[in-house]
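**Student:** Sending over a structure as structure tokens; questions will come in a sec.
The values are calculated or read from the model by the stated rules, or taken from the named source; none is laboratory data. This structure is a prediction, so every number in the text was calculated from the model and none was measured. FYI the Cβ positions are ideal-geometry reconstructions off the backbone, even for glycines, and counts take in every protein chain you see. These area figures cover heavy atoms from the full protein model, side chains too; ligands, DNA and RNA do not enter into them. Shrake-Rupley method; radii C 1.70, N 1.55, O 1.52, S 1.80 Å.
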Amino acid sequence: MATLYVTHHACIDHDTGDFHPECGDRLRAVQRILEAEDFMLLHRQDAPAVTDEQLLRVHPRDYIDRIFRTIPEDGHRHLDGDTLVSPGSGEAARRSAGGVVVAVDAILRGEVNNAFVAGRPPGHHAETARAMGFCLFNNVAVGAQHARAVYGLERIAVFDWDVHHGNGTQDIFQADPGLFYASTHEAGNYPNTGFPQERGVADNIVNCPLQPGATGDAFRAAVDQTIEPAMRAFRPQLVIISAGFDGHAHDPLSHMRLQVADFVWATQRMMAVADDCCEGRLISVLEGGYDLPSLAGCVHAHVRTLMGV
Ligand SMILES: [Zn+2]
């Protein structure tokens, strides 16, 4: 089984200031752990810059232009209270989305079975025309639309296990019956969306909010009883994970109590769905995760699982 790892050093240069949880050290921690001997067999590729044509499949022209116009020559500028940009943010955002595009290419050309894409800024809060929650462009949506436009895929499923609801991905997917979005997230946490009654045009949205303090038992029950059956019924031709590791018990931005073993279990469940529905085609894309030792530990175990070891 071949696994591709996609990242780019320019994603570290998206500078969010001194005390921001979504900082370059997150990606440094991920890159450092994936340099270990355990990962010698990973295929590796630098993330290319996403093109305007690829972004335009998800975001309107005036939105894309506005994001790049906002990027300052020095210092920082805010897009909302906690989403800000610095001189390196444009290049980082292009590489972060471009990483998912190149992972789609590698998998649909049959070069690898699955992939882990580690970029930043993250993407799942970015709506069609609104940057928020540390996110500028919706990286997984750009990848999904690339898979449809270039490879003719008709059904693509995303499971978002980040502790925050991916309002952006839901916004982009909800009116499109060829796109499926399922999420587990902490009820009441940012951005306070993702209620079970939000179901999309074709029951293609599945939200499983979990109570603050929830452990792996509740998380696994939601996947077992609700998310995995709905995803299998959808018969995806590509599975994408929005892999945020901020549901870990030590994370400062949540009150959930997931452990590394829970992320390994969920990785295995999604690999089983991909095996049964689409020849194992699976792309995992980094979203949140703000306690650096926990993030590194989760990524280590997650990528080892993707590699089948
Ligand atoms: Zn998050």
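Residues checked against (1) at pLDDT below 95; (2) within 21 Å of ASN114 (Cα to Cα):
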| site | (1), (2) |
| --- | --- |
| MET1 | yes, yes |
| TYR5 | no, yes |
| ASP18 | yes, no |
| PHE39 | no, yes |
| ASP46 | no, yes |
| ARG57 | no, no |
| TYR63 | no, no |
| PHE68 | no, no |
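**Student:** For residues that are within 12 Å of the ligand (Cβ to nearest atom) and part of a loop (DSSP other than H, G, I, E, B), tally how many sit in segment 124-140.
**Tutor:** 4
**Student:** Can you pull out the residues in segment 276-293 that are within 13 Å of the ligand (Cβ to nearest atom) and either open to solvent by less than 10 Å² (accessible area, probe 1.4 Å) or part of a strand (DSSP E or B) (or both)? Break it down stepwise before answering.
**Tutor:** So the first thing to find is which residues in segment 276-293 are within 13 Å of the ligand (Cβ to nearest atom), and the list is 285-291.
Within segment 276-293, VAL285, LEU286, GLU287, GLY288, GLY289 qualify.
**Student:** Something else now. Could you list, in sequence order, the residues of segment 242-271 that are more than 18 Å from LEU210 (Cα to Cα) and either without any contact (Cβ under 8 Å) to a residue 40 or more places away in the chain or within 15 Å of the ligand (Cβ to nearest atom) (or both)?
**Tutor:** Those that are more than 18 Å from LEU210 (Cα to Cα) and either without any contact (Cβ under 8 Å) to a residue 40 or more places away in the chain or within 15 Å of the ligand (Cβ to nearest atom) (or both): THR267, GLN268.
**Student:** Could you tell me whether VAL264 is modelled with pLDDT of 95 or more, among the β-branched types (Val, Ile, Thr) and not in a loop (DSSP other than H, G, I, E, B)?
**Tutor:** yes
Each row is one residue, and each column tells you yes or no for (1) within 16 Å of the ligand (Cβ to nearest atom); (2) out of contact with any helix residue (DSSP H, G or I) (no Cβ under 6 Å at 6 or more places or on another chain).
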| position | (1), (2) |
| --- | --- |
| VAL142 | no, no |
| LEU153 | no, no |
| ASP176 | no, yes |
| GLU186 | yes, yes |
| VAL201 | no, yes |
| THR215 | no, yes |
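**Student:** Here's something else I'd like to know. Output the residues belonging to segment 128-172 that are among the polar types (S, T, N, Q) and without any contact (Cβ under 8 Å) to a residue 60 or more places away in the chain.
**Tutor:** ASN167, GLN170 - these are the residues of segment 128-172 that are among the polar types (S, T, N, Q) and without any contact (Cβ under 8 Å) to a residue 60 or more places away in the chain.
**Student:** Please work out if THR70 is in contact with a strand residue (DSSP E or B) (Cβ under 8 Å, 6 or more places away or on another chain), farther than 29 Å from VAL303 by Cβ and away from the ligand (no atom under 16 Å from the Cβ).
**Tutor:** When the stated conditions are applied, THR70 passes them.
**Student:** (1) small (Gly, Ala, Ser); (2) over 18 Å from VAL50 (Cα atoms); (3) within 16 Å of the ligand (Cβ to nearest atom): which one isn't true of ALA118, the others all being true?
**Tutor:** (2)
**Student:** Looking only at segment 203-213, filter to residues that are under 17 Å from the mean Cα position of the chain (by Cα) and away from the ligand (no atom under 16 Å from the Cβ); which one of those is farthest from ASP105 (Cα to Cα)?
**Tutor:** Top of the filtered list is VAL206.
**Student:** Return yes or no: is VAL85 farther than 30 Å from TYR151 by Cβ, among the β-branched types (Val, Ile, Thr) and touching a residue at least 60 places away in the same chain (Cβ under 8 Å)?
**Tutor:** It is true that VAL85 is farther than 30 Å from TYR151 by Cβ, among the β-branched types (Val, Ile, Thr) and touching a residue at least 60 places away in the same chain (Cβ under 8 Å).
**Student:** What is the one condition in (1) surrounded by fewer than 24 Cβ atoms within 10 Å (Cβ to Cβ); (2) part of a loop (DSSP other than H, G, I, E, B) that PRO121 does not satisfy?
**Tutor:** With (1) surrounded by fewer than 24 Cβ atoms within 10 Å (Cβ to Cβ); (2) part of a loop (DSSP other than H, G, I, E, B) applied to PRO121, the lone miss is (1).
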